[in-house]
Structures are given as structure tokens and as C-alpha cells.
Amino acid sequence: MHSGAFIAGVIGKQKFSYDLWGNTVNVASRMESEGIADQIQISAETWQLLSDRYQSTPRGEIQIKGHRPRATYLLEGNVPTTEPTLTH
């Protein structure tokens, strides 16, 4: 999973299709190719957006085709919330 800018639109004349383009889409696709089975791998950019709500473990840098090495994380779950305690 990667976050960033992209372009989206409907293409076609007879049969319409919705598609996404851009570097963000390319990086996400290439990260998927280097992923680990049954794990959700996120980029550092996505981690920055989610780190206050989700726990993750650093996976380290991976090399993806045509791009610089990227720091990645494995998404683990929600950040535990602290419930207010009631006192009598």
C-alpha cells in the first residue's frame, strides 16, 4: 500500500472502465510484487498517515524495480485506545 498523488478517469468509447495512473500507482504495484504473503505492507509515506491509528513493524528497505530503495512497514492492527475509568 502506498500513498500519494495520482490521476483517475473513465476511459473507453464502447465499454467504459475506470482507471488510475501515476507514480503512486506504479510504486504500489511494485511494492505488491515484493510483499509477504498474508501481510499488509505499507510504504513510509502511508505509515506517516496511519501511524497514530495503527501499529506497524518496520520491515526495512526493499528494492523495487525502477525506483530507489523504499522503507516499508508491516501493518499489525489498531493502536490500543485507553478507555476512561469510572470512579465511584
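Contact order, relative form, for the stretch 7-78: 26 percent (alpha carbon pairs under 8 Å, 6 or more residues apart, mean separation divided by residue count). Dimensions of the chain along the principal axes, based on C-alpha atoms and rounded to the nearest Å, stand at 68, 33, 23, largest first. Here the calculated FRET efficiency for VAL79 and ALA44, from their Cβ-Cβ distance with R0 = 22 Å, stands at 0.80, rounded to the nearest 0.05.
Every number here is computed from the coordinates shown, using simple stated rules; none is lab data. All values reported here derive from a predicted model rather than from experimental measurement. Every residue, glycine as well, gets a Cβ built from its backbone with ideal geometry; the counts of neighbours run over all protein chains shown.
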